[in-house]
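Since the structure comes first, as structure tokens, the remarks are kept for the end.
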Amino acid sequence: MPGLITEDGANGANGAPYTNNYTNGADTNGHPSDQLNDYVDGHANGYSNGASNGSTREVNHDDWFIGSVDQGTTSSRFIIFNSWADPVAMHQIEFENLYPQSGWHDQAPYELLDTVEECIEKATEKFVALGYLKSQIKAVGITNQRETTICWDKNTGEPLCQAVVWPDTRTKDLVRELKNRPGAEKLTELCGLPLSTYPSSVKLMWMIKHHGEVSKAYEENRLAFGTVDSWLIYKLNGGTERNIHVTDTTNASRTMFMNLHTRQYDDQLLNFFEIDPTKVALPKIVPSSSPDAYGSIARGTLAGVKIGGCLGDQSSALVGQCGFNAGQAKNTYGTGCFLLYNVGTKPVISKYGLLATVAYDFGEGSEAVYALEGSVAVAGSGVKFLLNNLGFERDSHRISALAESVEDNGGLVFVTAFSGLFAPYWIDDAKGTIFGITQHTKRGHIARATLEATCFQTRAILDAMERDSGHKLHSLAVDGGMSNSDLTMQTQADVSDIHVARPPMRETTALGAAIAAGMAADGCGWDSLEDVAEMMRIKDHVKIFKPVNDKKKVARMYANWERAVQMSRGWVVQEEDDGPEHATSIKQSQT
Ligand SMILES: Nc1ncnc2c1ncn2[C@@H]1O[C@H](COP(=O)(O)OP(=O)(O)O)[C@@H](O)[C@H]1O
Ligand SMILES: O=P(O)(O)OC[C@H](O)CO
């Protein structure tokens, strides 16, 4: 068969490593996607795409592959992995995030689906162009931004309003009211999450109360609720035709409707949030890897291919990093930043502001594994804010270069509390605040302070994790778009006094879902997590960032950060934001 896959990249045919795999990656403002640059960087860092080191490989039609949909907050992508967990073809599309009012964050449900379907088509075309056969793709996995809430009509399969995205804070007054209700104090023990604007429960409750079409569908028993995984799986299966309405345990653990111990919906939780399950169809909770629960792709180039696995994106990254043992942790720097620490097969309820969540649950024959999680609402979205709102630069990687153009933060601290502050602070009355501006302040200082904000929050999470678990982490596996910034990773190592380990292949989120799907598919060698871990052990080229900074300087910087956090409290007052209380309609976003 035609074509050789070279170690230089996926693309021996034109000799341009990876670039052909990223041809359409365009930012919303028309610039080449960051990921194009990121991936080429990753390659230059020593990542090799082949099955073994230093050789060329012939296309072999006995090889098997797994596809993975990664539907993130900033972009959708589809990556096809070979049996060595190396990506061989990929397509990524950035889509529009909508901010119709201060504190509101919407996405169009069909844009999420359409970009996913287009990525599947284009990546598969690239795969076939390399000489492979579509039939070599044995299964597809799904991973997704979590908590984002979608309502649709179960009779028609049509969305009823825009998706309310996870960092949205329109529910803050509702949350304040709920905190005073009897039973509020028991919620975290039951479901692992603190009551805040973050989970799906308050988003759904708000949509039922304030969006006419959702309320009407609820009263008429036509309402279907889902997070992004459920919406995509339902639609990829053809919607009402097969009516596959499911979610995996990891995604369900982010709704506040699921009991963390039984991993099923809990009436106490549903009652607390006034959700009557006879009026709204909730997705069935199924294991993250399953040969039959997720159906198959109904149309398009991969019609008939089984969907074998599904994981919320942060769980997926933990699996992709092979964090299978209690005590292992990973931190993913995407739109937000999420540190997951594997605590084993019993959930640990945090006393210090972290979340308890399902790490992964591979169903029959294996126990569910839990994690402590530290969630930071703003990471890469702070970088995007500098690009899109302040016009600092054109591409994310340039923000890192801009930050490097100054020696330090020049006395600036940027509390990037665009959605209040999440873990471990849970401050809902803060908004983004920059302290320390003088005539000396340059754009470089603001860029640097933006990157540092994520590192400081990660440090606060690591401190909380140490207190909850009694163990100090010495090494942190990282991934996600913002982990491409060497400056950020070095700052993280310095600020947290920890070794930061960055793998050359940073598509670990997509890889996790591919592993879940591969384990459910016939004819694949990934039969167990041990097999996968063994295969990954032989890979190398992890880049380690070691702490080098002067400890006194770090202590001063961190003390300033903590002072700034305290000073950012209380900006939001109840009467503020008395804007119109209705979710954005689909029509509004189409005009
Ligand atoms: N070199 C870089 N320096 C800083 N931020 C970056 C860099 N490359 C990408 N990012 C940021 O990473 C985010 C995208 O990361 P990704 O993991 O794809 O996110 P998501 O899964 O949330 O869609 C964007 O917000 C982007 O601004
Ligand atoms: O889009 P990401 O990668 O920042 O992930 C979003 C999280 O799943 C939200 O909980």
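What follows draws every value from the coordinates through simple rules; no lab data is involved. If you're wondering where the values come from, they're calculated on a predicted model, not measured in any experiment. Heads up, the Cβs are rebuilt from the backbone with ideal geometry, glycines too, and the neighbour counts pull from every protein chain shown.
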Report task. Return the distance in nm (one decimal) between the two label points of a simple spin-label model at LEU133 and ARG394, each offset 7 Å from Cα along Cα→Cβ. Result -> 4.4
Query raised in the report: Under unit Cβ charges (Lys, Arg +1; Asp, Glu -1), what dipole magnitude, rounded to 20 debye, does the chain have relative to its Cα centre?
Result: 960
Query raised in the report: Too long at a 24 Å Cα-Cα cut-off: which of LYS472/LYS546; LYS126/LYS284; LYS134/LYS306; LYS179/LYS384?
Result: LYS126/LYS284; LYS179/LYS384
Query raised in the report: ILE544 label point, 7 Å along Cα→Cβ, cut-off 20 Å on backbone N: hits in the range 491-526?
Result: 491-506
**Report entry** Span from the the range 275-343 Cα centroid across to the the range 124-164 one, whole angstrom
**Finding:** 13
Query raised in the report: Taking the Cα centre of the chain as the origin and placing charges on Cβ (Lys, Arg +1; Asp, Glu -1), which of THR441, THR240, GLY382 is farthest toward the positive end of the dipole?
Result: THR441
Report summary line: Here, GluC sites (Glu not before Pro) of the range 380-414 satisfying both criteria (DSSP loop; at most 10 other Cβ within 10 Å) are GLU407
Report summary line: antiparallel share of DSSP beta bridges within the chain, to nearest 5, in %, is 70
Report summary line: In the range 228-382 the DSSP beta bridges are antiparallel at a rate, in percent to nearest 5, of 90
Requested in this report: Determine, for each peptide in 170-183, 189-202, 287-300, the mean count of other beta carbons within 10 angstrom over its residues, then list the peptides with the highest first.
Outcome: 189-202, 287-300, 170-183
Query - Residues GLU241 and ASP292, FRET efficiency given R0 of 25 Å [Cβ-Cβ distance, rounded to 0.05] - result: 0.90
Requested in this report: Normalising by the residue count of the chain, find the relative contact order in percent from Cα pairs under 8 Å and 6+ residues apart.
Outcome: 15
**Report entry** Peptide ranges 493-502, 126-135 listed from the most packed, as the mean C-beta count within 10 angstrom indicates
**Finding:** 493-502, 126-135
Query raised in the report: Which GluC sites (Glu not before Pro) from the range 435-541 combine a DSSP loop assignment with at most 13 other Cβ atoms within 10 Å?
Result: none
Query raised in the report: Which whole-Hz ³J(HN,Hα) couplings does the range 200-215 yield from phi under the Karplus relation 6.51 cos²θ - 1.76 cosθ + 1.60, θ = phi - 60°, glycine and proline marked x?
Result: 6, 3, 6, 5, 5, 4, 5, 5, 5, 6, 10, 10, x, 5, 6, 4
Report summary line: Amide H proximity to TYR425 below 5 Å, modelled H, separation 5+ or other chain, gives none
Report task. Please sort 109-120, 327-338, 144-155 by packing, taking for each peptide the average over its residues of neighbouring beta carbons within 10 angstrom, highest first. Result -> 327-338, 144-155, 109-120
